[in-house]
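Some notes on the structure that comes next.
FYI, it's all coordinate maths here, none of it is from the lab. From a predicted model like this one, the values you see are computed outputs, not experimental measurements. Using ideal geometry, Cβ is built from the backbone for each residue, glycine included, and neighbour counts are taken over all protein chains shown.
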């Protein structure tokens, strides 16, 4: 466990550095806003295209890997829905509770997988994002549409447009096509995108830290605890159980567990702010879960390594 914690320490320190830089005005608030767009529109798509186009998409690995990830995601989503109904905090807070339980920070997943398992781990983590990101976006918007019926049709149409134009999803689909056609690696293009992809992880981690909000952090404990229960306990526990039941490859099972143990993602805050959710509660969940996850992840991954025989 200590070895795992030490391996994750640089990731946590980069996140802390991102927080310190933004709060210190270095280089400027405008830089960090533009940096988020650089990551989303250029660096992440480049990384995804290269890794997915060269990944093993055979059914022997992809089907059980996807099944374990989807099982954890669905279980956490159901836990979030139950908590939202029982707590009766209203639709805005309810959507934030559900998002807090089911969403995941892809940036951290990629960094952790590479730090612990080098290129094979990173490739599997990108593959995990490729199957989880579209589902999470669809389910997230569907929850808002059901919780706020008056906005339902508009939200669904907007979600469809966002999915079609989402640069990560476009990169994933193009990469799958290249992979199946057997064209990867593409001379010059793959090399260029690889260079961009190498810059993605450290910049992404700085962005994660820059988006944390510790000042004025206040929210009800019950909704935050309910979301954390779904995300940091139900998600990883279900993922581990299904991976074991399917006799998933040890490394793939461990990368799936990484997704289970992740904190909720910053995208949940953006969606809450845009679609009428409880944005302050969501911001508090993102920050608190990020802090808790770095205490729990070494424990989960140590258990996973022992259970999976990695």
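Rounded, prolate or oblate: which fits the range 188-275 when a ≥ b ≥ c are the square roots of the eigenvalues of the alpha-carbon gyration tensor, with rounded for a/c under 1.5 and prolate only if a/b beats b/c?
Numbers: a/c = 2.71, a/b = 1.08, b/c = 2.51.
Since a/c reaches 1.5 but b/c is at least a/b, the shape of the range 188-275 is classed as oblate.
If we count other beta carbons within 10 Å of each Cβ, what is the order of 56, 247, 278, fewest first?
Numbers: 56 14, 247 10, 278 24.
Result, fewest neighbours first: 247, 56, 278.
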Value at 222 nm in deg cm²/dmol, rounded to 500, when DSSP H runs of n ≥ 4 in the chain each add -39,500 (n - 2.57): -27000 deg cm²/dmol
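Highest mean first, how do 70-76, 122-128 rank when packing is the count of other Cβ atoms within 10 Å averaged over residues?
Numbers: 70-76: 22.6, 122-128: 24.3.
So the order, starting with the most tightly packed, is 122-128, 70-76.
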For the chain, how big is the tail of P(r) above 29 Å, as a whole percent of Cα pairs? 33
Kindly put 88, 231 in sequence by how many other C-beta atoms sit within 10 Å of each C-beta, fewest to most. 88, 231
So, in nm, how far is label residue 135 from label residue 30 when the simple model puts each one 7 Å beyond its Cα toward the Cβ? 4.2
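So for the range 1-82, Kirkwood radius off the Cα pairs, Stokes-Einstein at 10 °C and 1.306 mPa s: how many µm² s⁻¹?
95
Using only alpha carbon pairs under 8 Å that are at least six residues apart, calculate the relative contact order of the chain and give it in whole percent. Please report the intermediate quantities before stating the final value.
Numbers: 461 pairs, mean separation 106.3, N = 310.
Answer for the chain is 34 percent.
Counting other beta carbons within 10 Å of each Cβ, put 67, 264 in order, fewest first.
Numbers: 67 18, 264 31.
With the fewest neighbours first, 67, 264 line up as 67, 264.
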